[in-house]
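Novice: Right, I'll just put the structure down here and ask away after.
The values are calculated or read from the model by the stated rules, or taken from the named source; none is laboratory data. Computed from a predicted model, the values in this text were never measured in an experiment. Positions of Cβ are generated from backbone atoms using ideal geometry, with glycine treated the same way; all protein chains shown enter the neighbour counts. Please note that ligands, DNA and RNA were not included when accessible areas were found on the heavy atoms of the full protein model with its side chains. Shrake-Rupley method; radii C 1.70, N 1.55, O 1.52, S 1.80 Å.
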Amino acid sequence: MAAVGPRLTDGNGRWAGCHDRFPTVRQEVANVLGLRRSRAHDDVRSKVDWIEGACMMLSAIAVGEVGTLDTGYFMYNEEVDWCYRARKLGWQIACLPAARVVHFVGKSGSLRRRAQLCSSKIRYQRLHGSRLGAAALAAMLVLINAGLWLASTIRVGWRAERTRSHAYAVRVCARLLKEAPQSP
């Protein structure tokens, strides 16, 4: 076993996720639009594709074989990348829902959180999906965030942090869309 993770709950004790399948471009767009939720688990140990980096226990032997987390990511998706690399080498990942940890989602983020998350999703697709898929995801994230930017401007004003967060995400995703595809 390369890694195990607990059930994550929010400050009110509600399930906050802890694992999912490896992301595809379609899943990522659905996630951003709020049309898909990660798979809930039951109370038995289950083998999964990846676990949340908020709390994960890694095997030292697996880390020696897989390597460390990729520092090219900034805070988001590095655990998905690591678990993907581990699974490619034949390692297993598990969720142990009997173990529980409170995770205050988004508390370490800032105005740039949305852009960093989008950037990490695009990086993952470039490395483990296809370059065309990564470009399509970047284009979709530009459009989605532009729409959210406009909606937020109308609802709360252009100086609101949420509005500025969407605007920054549009700039970052547009820049990534323009960049030449990077080799893994």
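Novice: Could you check segment 49-75 and list, in sequence order, the residues that are among the polar types (S, T, N, Q) and open to solvent by less than 40 Å² (accessible area, probe 1.4 Å)?
Specialist: Selection gives S59 alone.
Novice: Right, another one. It is to be established whether one or more residues within segment 124-140 are closer than 24 Å to C55 by Cβ and open to solvent by less than 40 Å² (accessible area, probe 1.4 Å).
Specialist: Within segment 124-140, one or more residues are closer than 24 Å to C55 by Cβ and open to solvent by less than 40 Å² (accessible area, probe 1.4 Å).
Novice: Looking only at segment 16-28, filter to residues that are outside any loop (DSSP other than H, G, I, E, B) and modelled with pLDDT of 85 or more; which one of those is least open to solvent (accessible area, probe 1.4 Å)?
Specialist: E28
Novice: Any chance segment 78-98 includes a residue that's more than 25 Å from G129 (Cβ to Cβ), surrounded by fewer than 17 Cβ atoms within 10 Å (Cβ to Cβ) and at pLDDT below 90?
Specialist: Checking segment 78-98: at least one residue is more than 25 Å from G129 (Cβ to Cβ), surrounded by fewer than 17 Cβ atoms within 10 Å (Cβ to Cβ) and at pLDDT below 90.
Novice: Kindly provide the set of residues from segment 141-166 that are crowded, with 20+ Cβ neighbours inside 10 Å, under 20 Å from the mean Cα position of the chain (by Cα) and more than 20 Å from A30 (Cβ to Cβ), ordered by number.
Specialist: Of everything in segment 141-166, just one residue is crowded, with 20+ Cβ neighbours inside 10 Å, under 20 Å from the mean Cα position of the chain (by Cα) and more than 20 Å from A30 (Cβ to Cβ), namely S165.
Novice: Those residues that are at pLDDT below 80 and open to solvent by less than 50 Å² (accessible area, probe 1.4 Å), I need them from segment 99-110; list them, please.
Specialist: Selection gives G106, G109.
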